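A quick write-up on the structure given underneath.
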Amino acid sequence: MRIDIITIFPKMFDPVLNASMMKRAQNNGKAEIFVHDLRDYTRDRHRKVDDRPFGGGSGMVLSPEPLFRAVEKIKQKVSAVGGKSKKQKTKVILLCPQGRKFNQKTAKSLSRCSHLILVCGHYEGVDERVRQHLADEDISIGDYVLTGGELAAMVLTDAVVRLLPGVLGDKNSLNFESFEGNLLEYPQYTRPSVFRGMHVPEILLTGDHKKIEAWRRKEAVKKTRRNRPDLLRLDKNNVPRLSAKKFR
Ligand code: ADE
């Protein structure tokens, strides 16, 4: 997968893209990630990327021209590199608080794309023509307002890249994750079995895999009910409907 990120703060991405899983994915050739300074796509001497909103109001709005130029240039470059036979399917995503809320399902679906262009919104907003005519989707990472789309682009990139085949070492760790089957993950413990008088649940030390599986399922439901009742799909008897897949 190739990911191009368009931002007015390119340096923000250095530490995140050069550590941990993101670095490994790039080193292993599973992901190519490029960060572009939006100001490089301006035409004026002052490298101006924003302007005052029509109709008045406070703050500045990101102008359409540099964003359209950046996306068009990147698309041209990628299709030239890919050649005619290997046509890339590009998805352009605008990160902004008004977008569709991001979740694991969207991360999975995006992980099947070959090319993403992430546009980081800023200031009071982005000219609406970008959303309507340049972006394929607008995405928000949650119901709060960040100072810009950069952190959101990092969150999305991390969530997507770790799902690419071959990025996570242990394939099983994907099967048992939170949100699989609409449940949060069950509680995990490691050694020591007693720490400062706090005991690991006895059942986990028995080696009885059937019982451990049943306990984990029960605990996952309990945790989901407590922290995220909105995730639980209930049947007509008010019992959570579970996907068996998660616990296999
Ligand atoms: N920019 C500012 N807030 C945001 C959010 N919650 N999600 C995505 N981009 C944003």
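The values are calculated or read from the model by the stated rules, or taken from the named source; none is laboratory data. On a predicted model such as this, the values are computed, not experimentally measured, just so you know. A quick note on method: Cβ atoms are made from the backbone with ideal geometry, for glycine too, and the neighbour counts reach across all protein chains shown. The accessibility values were calculated without ligands, DNA or RNA, using every heavy atom of the protein model including side chains. Shrake-Rupley method; radii C 1.70, N 1.55, O 1.52, S 1.80 Å.
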Check your understanding: Which Rg and Dmax, in Å, describe the Cα atoms of region 37-172?
Key -> 16.2, 54
Study note, to complete from the structure: Percent relative contact order for the chain, counting Cα pairs under 8 Å at least six residues apart, stands at 19 percent
Review point. Which value in nm describes the separation of the simple spin-label points at Lys73 and Phe54, placed 7 Å from the Cα toward the beta carbon?
Key: 2.6 nm
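Rounded to the nearest percent, how much of the accessible area of the chain (1.4 Å probe, protein heavy atoms only) is carbon and sulfur? Before the final figure, lay out the partial values.
Working: 7790 of 15330 Å².
Carbon and sulfur atoms account for 51 percent of the accessible area of the chain.
Go through region 1-100 and name the chymotrypsin sites (Phe, Trp or Tyr not before Pro) that are in a DSSP coil and have 13 or fewer other Cβ atoms within 10 Å of their Cβ. It would help to have the intermediate numbers written out before the result.
On the way: sites: Phe13, Phe34, Tyr41, Phe54, Phe68; in loops: Phe54.
Here the sparse-neighbourhood loop sites are Phe54.
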Check your understanding: Equivalent-ellipsoid semi-axes (√(5λ), Cα gyration tensor) for the chain, whole Å, largest first?
Key -> 41, 21, 17
Exercise for review: For region 63-173, report the accessible area per residue in Å² (1.4 Å probe, heavy atoms, rounded to an integer).
Suggested key: 53 Å²
Revision key, fill the gap. Rounded to the nearest 10 degrees, the helix 64-82 long axis (Cα) sits at an angle to the longest Cα principal axis of the chain of 70 degrees
